[in-house]
1. Take the residues of the range 146-159 that are in a loop (DSSP other than H, G, I, E, B) and under 30 Å from residue 328 (Cβ atoms): which is farthest from ligand 2 (Cβ to nearest atom)?
2. Could you name every one of the strands (runs of 3 or more DSSP E) located completely within the range 16-98 that has at least 1 residues being modelled with pLDDT of 95 or more and among the basic types (Lys, Arg)?
3. Where the second residue is at pLDDT 95 or above and not in a loop (DSSP other than H, G, I, E, B) and the first is within 12 Å of residue 215 (Cβ to Cβ) and of a type in the set (Phe, Trp, Tyr) and lies in the range 184-203, which pairs have Cβ atoms under 9 Å and are six or more apart or on separate chains?
4. Which numbered condition trips up residue 236, out of (1) of a type in the set (A, V, I, L, M); (2) under 20 Å from residue 129 (Cβ atoms); (3) touching a strand residue (DSSP E or B) at 6+ places or on another chain (Cβ under 6 Å)?
5. Of these, 276, 264, which one is modelled with pLDDT of 95 or more and away from ligand 1 (no atom under 13 Å from the Cβ)?
6. Does the range 38-52 include one or more residues that are within 16 Å of ligand 1 (Cβ to nearest atom), over 20 Å from residue 176 (Cα atoms) and within 21 Å of the chain's Cα centre (by Cα)?
7. Could we say that residue 143 is in a loop (DSSP other than H, G, I, E, B), modelled with pLDDT of 95 or more and either within 12 Å of ligand 2 (Cβ to nearest atom) or β-branched (Val, Ile, Thr) (or both) here?
8. Please go through the range 160-192 and pick out each residue that is closer than 16 Å to residue 135 by Cβ, assigned to a helix (DSSP H, G or I) and out of contact with any strand residue (DSSP E or B) (no Cβ under 7 Å at 6 or more places or on another chain).
Amino acid sequence: MDNELICLGIESTAHTFGVGIVDENGNILADERMMYRPEKGKGILPRDASEHHTKNASVVIKSALQHAKINPSNVKLIAFSQGPGLPPCLHVGASIARYLSTSNNIDLVAVNHPVAHIEIGRLTAGSKDPVVLYLSGGNTQVISFAEGRYRIFGETQDIAVGNVFDTVARELDLKSPGGPEIEKRAVNGKYIELPYSVKGMDLSFSGIVTEAIKNIKAGARPEDVCYSLQETCFAMLTEVTERALAHTGKNEVLLVGGVAANKRLQDMLRIMCEERGAKLFVVDIKYSGDNGTMIAWAGMLAYKSGQKTSLEKSGIDQKWKTDEAEITWM
Ligand code: AMP
Ligand code: MG
């Protein structure tokens with residue numbers, strides 16, 4: 001254990017404070033997290049979320065070390081989510097990571113959060129060179145690797161698809177996070193027309209939210225709204241993903257991020273892939289939402305391919321874009 005390279009990763013971009021521990025071979029030794037839940041009917045308040053992270057950080061770290069059955073001295077590398085995200089939340093993770101690195105005299109490596117979602121997807125689903133569909137509470141992107149970067153082929157022009165589900169769920173008085181609640185209620189719904197908006201490779205969702213809320217206020221049945229929301233958003237995402245497969249000539253699709261858990265979305269993508277002779281891979285659902293393990297693993301890949309982060313460069317980067325991160329391990 002003493003010579004083993006073990007990495008502890010910290011996630012704190014938004015609602016989740018997570019700590020994961022991995023070894024060089026991609027074995028996951030621990031994954032602990034605590035999630036800030038906004039008050040009923042409200043969205044995430046960055047200050048409250050960061051306070052939640054500060055309060056719970058030491059418990060989560062301790063419990064990860066216990067689960068991994070290691071001492072703090074066995075950890076040889078600290079990885080942290082440097083961005084993008086909510087600044088007050090990012091600061092908590094970055095400060096703790098700096099402290100752990102300096103006080104234990106071990107290296108530090110900064111990780112791009114979307115890249116970490118992709119890498120935990122490749123690790124757990126076994127995909128090699130996919131078109132990635134990254135769908136979460138804050139992001140909606142179609143991504144693929146080319147010439148040293150994960151390039152963005154298409155993305156939302158306004159809000160993220162997870163946010164669409166959470167916002168409409170709040171309007172229906174469902175509990176948070178809204179995605180799983182919408183999925184449950186969509187089962188027996190009928191179709192109500194919502195604005196389908198794909199522009200080239202980009203997507204727009206804000207009109208769908210407005211129209212869904214209008215329907216709710218006019219007395220539409222919740223199951224019909226939930227069903228139509230899923231059908232419309234997922235058809236748009238499937239269309240853009242199919243075009244990305246055609247452009248890149250790749251034959252794998254990898255679904256990552258919190259929304260990846262949705263079975264209807266998986267089915268629509270699987271059918272599209274089968275029709276094109278491609279294959280759908282889905283991140284292990286245990287790691288689809290934000291977590292520290294994905295940060296630890298992406299940090300491990302970066303470090304083993306020569307990256308490390310000096311204290312001077314360890315400040316948060318709230319707008320760090322997916323295609324600005326250097327991918328030195330592909
Ligand atoms: P993340 O930001 O990656 O942690 O993912 C959280 C987002 O995923 C939230 O917006 C959730 O509502 C959404 N989500 C989780 N499970 C599902 C699901 N089964 N269907 C749709 N959205 C989901
Ligand atoms: Mg995320």
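1. Taking the candidates together, the pick is 147.
2. Result: 28-35.
3. 191/224; 191/227; 191/228; 191/231; 191/232
4. (2)
5. Among 276, 264, only 276 is modelled with pLDDT of 95 or more and away from ligand 1 (no atom under 13 Å from the Cβ).
6. There is no residue in the range 38-52 that is within 16 Å of ligand 1 (Cβ to nearest atom), over 20 Å from residue 176 (Cα atoms) and within 21 Å of the chain's Cα centre (by Cα).
7. Details: in a loop (DSSP other than H, G, I, E, B): no; modelled with pLDDT of 95 or more: yes; either within 12 Å of ligand 2 (Cβ to nearest atom) or β-branched (Val, Ile, Thr) (or both): yes.
Taking the combined requirement at face value, the residue does not satisfy it.
8. 163, 164, 165, 166, 167, 168, 169, 178, 179, 180, 182, 183
The values are calculated or read from the model by the stated rules, or taken from the named source; none is laboratory data. Everything numeric here is computed off the predicted structure, so don't read it as measured data. Because the Cβ atoms are built from the backbone with ideal geometry, glycine has one as well, and the counts that use them run over all protein chains shown.
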